[in-house]
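For reference, the structure is listed below as structure tokens.
The values are calculated or read from the model by the stated rules, or taken from the named source; none is laboratory data. In this text, all values refer to a predicted model and were calculated from it rather than measured experimentally. Cβ atoms come from the backbone with ideal geometry, glycine included; neighbour counts cover every protein chain shown.
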Amino acid sequence: MIEFKNVSKTYDNGVKALENINLTINEGEFVAIIGLSGAGKSTLLRLINKLIESTGGEVFFDGISVTKATGRDLISIRRQIGMIFQGFNIVKRMSVLSNVLSGRVAYNPTWKTILGLFPEEDKQIAYRALKRVDILEKVHNRASDLSGGQQQRVAIARALAQEPKIMLADEPVASLDPITTVQVMDYLKKINVEDGITTVSNLHHVDLALKYATRVVGIKEGKVVYDVQMVDIKKEKFYEDLEIVYGRPVHHDEVLGDK
Amino acid sequence: MDKISVSKPKKFKRNLIILTVLFLIVASAWFAGFNVIEVMINLNKGSRLLGRMFFPPDLSYLPNIVDPMVETVRMAIVGTFIGATLALPVAVLAANNFIKSKFLHGPLRIILNIFRTIPALVLASLFVAVFGTGPFSGVVALSIFTFGLVSKLTYETIEAIDYGQVEALMSLGANKMNILRYAIMPQILPQYMSYTLYGFEVNIRAAAVLGYVGAGGIGQTFEFNLAWRNFDRVGTIIIFSFFIVLIIDLISSSIRKRLV
Ligand SMILES: Nc1ncnc2c1ncn2[C@@H]1O[C@H](COP(=O)(O)OP(=O)(O)OP(=O)(O)O)[C@@H](O)[C@H]1O
Ligand SMILES: [Mg+2]
């Protein structure tokens, strides 16, 4: 579904964020990417929908080169890939409905979307997406009036409105409180399991990775240093292995804690 | 308990700045031939003139200046509208985070800065020379001035937006036009409208004096009466203009406060 072939990324300022990444993500997986701050997690994620360009190698989505795609081809790849962010990145000065409908822009002629004209089917898609994350009652609210957790759910609904094959999440819960965190992660998991949407999420908390992911990929200094299917591994072994990713042992009391 | 001693804050730099500023003021006053006695004499002359203007003003003249005042306001409205409308697309092109091309931004910004720096009065006298006297020249001058002002403020606002919202729209397959419509416009529209209103406030004032160079409006009536030494009528014009400007300012700035 997603394939990295010898992918490298060096930023303009000379920082080598990723080096020679080879990674295949299969349909239906829930992959957690873990690693220290600055390891290259966001870079990896943003290469999948070409929010940034790689400086070496090639990324494929369903066998199509994302790296080489431009213009309309890139747009038709991107509309199949939903993405949610740490800062939610919904448009605060628009209504919840407009935000979710904006997930449909790539399926409609530009002159219509500019005028805010969306077909009834698209509105139904938007309502269904909002209902999916239990926030349909806020459909006519201004996005800025919502709490952080609600805003992230609107962001998920916007991504769902794309009817995506993949969902990318860059630290989706890093600015939320623990209770809201679990809510948002539960929605992501539900969408992954019920709709079969492949999910790739950067996570700071290893116990969230343990709880939700089917596979954990560890990045350290721009390289994949760890890659494990969670069904194959015992919890204790997983915690032990974290030393490979973080460079030192991680103690039980350092993680968010699920007893 | 031990006394905590902290080193004194260094005031030398501050004192130096104060001294320099004082020196500059005194030096420039001396350089400009500023003379206290002369000021007293002129003050006396000035107060006599003020007396002839305002004690009393010729209020019977008021009906005659309503039309030129309406023309002034109309000039400001049309000039603001044209200038601000043109400013929006140009500001989008001038912002470095929407289209990333140095060849576009550099030259465009230089042009915008030139437009903005030329006072409306200078522009107006230029256009009076080209198009002849009358409000048309004034409107063209105000349009260009507003264009320069609003486009600069707006492109700076575009450059300061939350880029995360733009990235989100990019990630879901939006093209440039959709990014503009769904990520940039919602973020800048209140500011843009506020700048436009501010431009209008500035333009009302400018429009009131533009007539002085023949570009229409109340300024032309003012100039005419001053030339004929109808000081009591000049007083009426000043009072009337003052109130109109004040009222428009109050309305406009209260709307602006609610916008942002
Ligand atoms: N736009 C950029 N320009 C230059 N360097 C960058 C840029 N973005 C990231 N980097 C650098 O690339 C490296 C990897 O960054 P990246 O954002 O991918 O890390 P991360 O694993 O997501 O970290 P975090 O957990 O803090 O989000 C870091 O050293 C970072 O400073
Ligand atoms: Mg990151």
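Yes/no matrix, rows are residues, columns are (1) at pLDDT 95 or above; (2) within 16 Å of ligand 1 (Cβ to nearest atom); (3) touching a His at 6+ places or on another chain (Cβ under 6 Å); (4) within 19 Å of A:GLU243 (Cα to Cα):
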{"residue": "A:ALA155", "(1), (2), (3), (4)": "yes, no, no, no"}
{"residue": "A:ILE166", "(1), (2), (3), (4)": "yes, no, no, no"}
{"residue": "A:ASP195", "(1), (2), (3), (4)": "no, no, no, no"}
{"residue": "A:ASP207", "(1), (2), (3), (4)": "no, no, no, yes"}
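From the list B:ALA168, B:ALA174, the lone residue that is within 14 Å of chain A (Cβ to nearest Cβ), farther than 27 Å from B:LEU62 by Cβ and in contact with a strand residue (DSSP E or B) (Cβ under 7 Å, 6 or more places away or on another chain) is B:ALA168.
Regarding the range A:142-151, can at least one residue be identified that is closer than 29 Å to A:GLN124 by Cβ, within 12 Å of chain B (Cβ to nearest Cβ) and within 16 Å of ligand 2 (Cβ to nearest atom)? No, there is no match, as no residue in the range A:142-151 is closer than 29 Å to A:GLN124 by Cβ, within 12 Å of chain B (Cβ to nearest Cβ) and within 16 Å of ligand 2 (Cβ to nearest atom). For the criterion of being modelled with pLDDT under 95, surrounded by fewer than 16 Cβ atoms within 10 Å (Cβ to Cβ) and either in contact with a Phe, Trp or Tyr (Cβ under 8 Å, 6 or more places away or on another chain) or closer than 21 Å to A:ALA39 by Cβ (or both), A:ALA174 passes. In this entry, A:GLN124 passes the filter for residues that are surrounded by fewer than 17 Cβ atoms within 10 Å (Cβ to Cβ), away from chain B (no Cβ under 14 Å), part of a helix (DSSP H, G or I) and of a type in the set (S, T, N, Q). Residues that are part of a helix (DSSP H, G or I), closer than 30 Å to A:VAL7 by Cβ and without any contact (Cβ under 8 Å) to a residue 12 or more places away in the chain do not occur anywhere in the range A:137-150.
Exactly one residue among A:ILE84, A:ILE21 is at pLDDT 95 or above and within 16 Å of ligand 2 (Cβ to nearest atom), and that residue is A:ILE84.
Scanning the range A:177-209 for residues that are among the hydrophobic types (A, V, I, L, M, F, W, C) and either within 15 Å of ligand 2 (Cβ to nearest atom) or out of contact with any Phe, Trp or Tyr (no Cβ under 6 Å at 6 or more places or on another chain) (or both) turns up A:ILE179, A:VAL182, A:VAL184, A:LEU188, A:ILE191, A:VAL193, A:ILE197, A:VAL200, A:LEU203, A:VAL206, A:LEU208, A:ALA209. When residues in the range B:123-140 are screened for being exposed (fewer than 13 other Cβ atoms within 10 Å of the Cβ) and either touching a Leu at 6+ places or on another chain (Cβ under 8 Å) or in a helix (DSSP H, G or I) (or both), 2 of them pass. Just one of the listed residues (A:VAL217, A:VAL184, A:VAL206, A:VAL225) is under 24 Å from A:GLN80 (Cβ atoms), touching a strand residue (DSSP E or B) at 6+ places or on another chain (Cβ under 7 Å), aliphatic (A, V, I, L, M) and touching a residue at least 12 places away in the same chain (Cβ under 8 Å), namely A:VAL217. Scanning the range A:36-68 for residues that are in contact (Cβ under 8 Å) with a residue 40 or more places away in the chain, more than 14 Å from chain B (Cβ to nearest Cβ) and within 16 Å of ligand 2 (Cβ to nearest atom) turns up A:LEU36, A:ALA39, A:GLY40, A:LYS41, A:LEU44.
Mind checking which residues of the range B:231-257 are out of contact with any Phe, Trp or Tyr (no Cβ under 7 Å at 6 or more places or on another chain) and over 17 Å from B:GLY199 (Cα atoms)? Hits for the range B:231-257 are B:PHE231, B:ASP232, B:ILE238, B:ILE239, B:PHE240, B:SER241, B:PHE242, B:PHE243.
Screening the candidates B:PHE115, B:PHE98 for the property of being closer than 18 Å to B:ALA206 by Cβ and in contact with a Lys or Arg (Cβ under 9 Å, 6 or more places away or on another chain) yields one hit, B:PHE115. Annotation: of all residues in the range A:24-35 being within 16 Å of ligand 2 (Cβ to nearest atom) and of a type in the set (Gly, Ala, Ser), the one that is modelled with the highest pLDDT is A:ALA32.
Residue-level analysis places B:VAL26 outside the set of residues that are under 27 Å from the mean Cα position of the chain (by Cα) and either assigned to a helix (DSSP H, G or I) or among the small types (Gly, Ala, Ser) (or both). So is B:ILE161 among the hydrophobic types (A, V, I, L, M, F, W, C), within 14 Å of another protein chain (Cβ to nearest Cβ) and touching a helix residue (DSSP H, G or I) at 6+ places or on another chain (Cβ under 6 Å) or not? So B:ILE161 passes the test.
Pairs only if they're at least six apart or on different chains, beta carbon under 6 angstrom, first in the range B:154-178 and on the phi > 0 side of the Ramachandran plot, second outside any helix (DSSP H, G or I); list them, first residue then second. So the pair list comes out as B:GLY173/A:ARG79.
Return only the number of the condition from (1) part of a loop (DSSP other than H, G, I, E, B); (2) under 21 Å from A:SER42 (Cα atoms); (3) more than 14 Å from chain B (Cβ to nearest Cβ) that A:ASP134 does not satisfy. Going through the list (1) part of a loop (DSSP other than H, G, I, E, B); (2) under 21 Å from A:SER42 (Cα atoms); (3) more than 14 Å from chain B (Cβ to nearest Cβ), A:ASP134 breaks only (2).
Scanning the range A:91-110 for residues being touching a helix residue (DSSP H, G or I) at 6+ places or on another chain (Cβ under 9 Å) and more than 7 Å from chain B (Cβ to nearest Cβ) gives a total of 11.
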